[in-house]
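Here's the structure, in structure tokens; my notes come after.
Laboratory data are not the source of any read-out in this text; all were calculated from the coordinates shown. Note that this is a predicted model, so its numbers are computed, not measured. Counting neighbours? That spans all protein chains shown, and the Cβs are built from the backbone with ideal geometry, glycine included.
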């Protein structure tokens, strides 16, 4: 949970706005990592990033405009299908991922490494 401009919010509020666009299957807000509903070329990916960013700004305000929106085919999950946000965070922040024993789909770590933006 964080606070921006006097508003207390957590990832779930932003995730709900992005999913409500109907254009992604799932999302994890650590930056924004999303699974698009269909395959995207570069132009379509750019338009989708703009649409998702606009949805967050419309729902939460400009202070919440995402710096990065990344697309992957799947997100790291436990065997019970819960998204492992700590795993996403550790990959994106170049930190050790920690215990991987509950990770059901290890190939997702490769997806995250491939789309990881340069740290600025």
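Treat each spin label as a single point 7 Å out from the Cα along the C-beta direction, and report the residue 68 to residue 95 distance in nm.
According to this spin-label approximation, the distance is 1.5 nm.
Show me 53-66, 93-106 ranked by packing, highest mean number of other Cβ atoms within 10 Å first.
The packing order, highest mean first, is 53-66, 93-106.
Note the direction-averaged projected area, equal to a quarter of the hull surface, for the Cα convex hull of the range 10-55, in nm².
2.9 nm²
Could you give me the percent of Cα pairs per 10 Å distance bin for the chain, shortest bin first, beginning at zero and ending with the bin that holds the maximum distance?
Values per bin, smallest distances first: 13, 45, 35, 8.
Could the peptides 76-84, 41-49 be put in order, highest first, of the mean number of other beta-carbon atoms found within 10 Å of their residues?
76-84, 41-49
When the chain is modelled as a GNM with alpha-carbon springs shorter than 10 Å, which of 26, 107, 15 fluctuates the most?
In this elastic network of the chain, the residue with the biggest mean-square fluctuation among 26, 107, 15 is 107.
Say we join alpha carbon atoms closer than 10 Å with springs in a Gaussian network model of the chain; which of 21, 39, 108 then has the biggest fluctuation?
Among 21, 39, 108, the largest mean-square fluctuation in the Gaussian network model of the chain belongs to 39.
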